[in-house]
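Report on one structure; see the data block that follows.
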Amino acid sequence: MARQARALATRQAVLLAAAEVFDERGYAAATMSDILERAGVTKGALYFHFRSKEELALAVILEGQSAWLATWEPSSDSPMQTVIDLSYAFARALQDDVLVRGSIRLTIEHGSFTQPQVAAYQGWSDATRELLERAQEAGELHPGIDLRGAALVMQGAVTGIQLSSQVLTDRQDLIERIADLWTLLLPGLVQPHALARLSVVERVPAVS
């Protein structure tokens, strides 16, 4: 059990170090030597868990986004509010979680891999579309909304906003930019009676 715990701790240290290096330098410029130095582990320990830079990068993508998305818990009964809250939670993760930041940079650079990585994009659009379907069933949306198109627009908008925020302010204004997005988008998506109940600004989760 102690050996297994050490192995898991080593793997996590390598993942976090890799996420930092990928976030700072991008996939092409990052080297396994950079990651090894940042992680503070032996070369054998690194290659025991990850046989190549690409394998390590794919693990950062998977655990930085898919795992985070799978563990995020909504705090609203409104599907549309959940979409909004999810965007803010993602924005906070980009500011505070290096694994998420590294995974996002790698996802954007998906063309660098032997096999282009589209699963992360697909996971976000699928999750958004599912919530929009529930919002439609709940009567929150205007009739006739193209749910697939709306999900793709939201995904593209958040991606673009976080990129421009990173360039212009190192993501310091990201929360404000997300609020601007929802202020503009929601009237075209949501019926007035539902819109009045939605918060377009970040909602702070209640402390249990």
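Between the amide H of VAL190 and those of HIS142, distances stay under 5 Å, these residues lying 5 or more places away or on another chain, with hydrogens modeled in the peptide plane. Apply the a/c threshold of 1.5 to the C-alpha gyration tensor of segment 137-208 and tell me whether it is rounded, prolate or oblate. Since a/c reaches 1.5 but b/c is at least a/b, the shape of segment 137-208 is classed as oblate. The phi-based Karplus calculation (6.51 cos²θ - 1.76 cosθ + 1.60; θ = phi - 60°) puts the 3J(HN,Hα) values of segment 92-98 at 5, 5, 5, 6, 10, 10, 5 Hz, whole numbers, x for Gly and Pro.
The Cα center of segment 136-192 and the Cα center of segment 61-76 differ in position by 19 Å. Each label was represented as a point 7 Å from its Cα along the Cα-to-Cβ direction; for THR31 and ARG51 these points are 2.4 nm apart.
Each Lys and Arg contributes +1 and each Asp and Glu -1, all at the Cβ; summed about the Cα centre of the chain, the dipole is approximately 620 debye. Summary value for segment 52-106: 55 percent relative contact order, contacts being C-alpha pairs under 8 angstrom separated by 6+ residues. Based on protein heavy atoms only, the chain ends up with 53 Å² per residue of surface accessible to a 1.4 Å probe. Restricting the trypsin sites (Lys or Arg not before Pro) of segment 139-208 to loop positions (DSSP other than H, G, I, E, B) with no more than 15 neighbouring Cβ atoms within 10 Å leaves ARG197, ARG203. For VAL200, the solvent-accessible surface with a 1.4 Å probe is about 40 Å², rounded to the nearest 10. Using R₀ = 41 Å, calculate the FRET efficiency as 1/(1 + (r/R₀)^6) where r is the Cβ-Cβ separation of ARG3 and HIS193; round to 0.05. Efficiency, from the Cβ-Cβ distance: 0.10.
Residues of segment 1-23 with an amide N closer than 12 Å to a point placed 7 Å from the Cα of THR71 along the Cα-to-Cβ direction: none. Take every pair of alpha-carbon atoms less than 8 Å apart whose residues are at least six positions apart; their mean separation over the length of the chain yields a relative contact order of 21 percent. Dipole check for segment 1-48: with +1 at the C-beta of Lys and Arg, -1 at the C-beta of Asp and Glu, and the Cα centre as origin, the magnitude is about 340 Debye. Per residue, the chain reaches -22500 deg cm²/dmol at 222 nm when only DSSP H runs of four or more residues are counted, each adding -39500 (n - 2.57).
Roll a 1.4 angstrom probe over the protein heavy atoms and tell me the percent of accessible area of the chain that is carbon or sulfur. Its accessible area is 56 percent carbon and sulfur atoms.
The values are calculated or read from the model by the stated rules, or taken from the named source; none is laboratory data. This structure is a prediction, so every number in the text was calculated from the model and none was measured. Quick reminder, even Gly has a Cβ in these numbers, built from the backbone with ideal geometry, and neighbours come from all protein chains shown. Areas reflect the complete protein model, heavy atoms only, side chains present, ligands, DNA and RNA absent. Shrake-Rupley method; radii C 1.70, N 1.55, O 1.52, S 1.80 Å.
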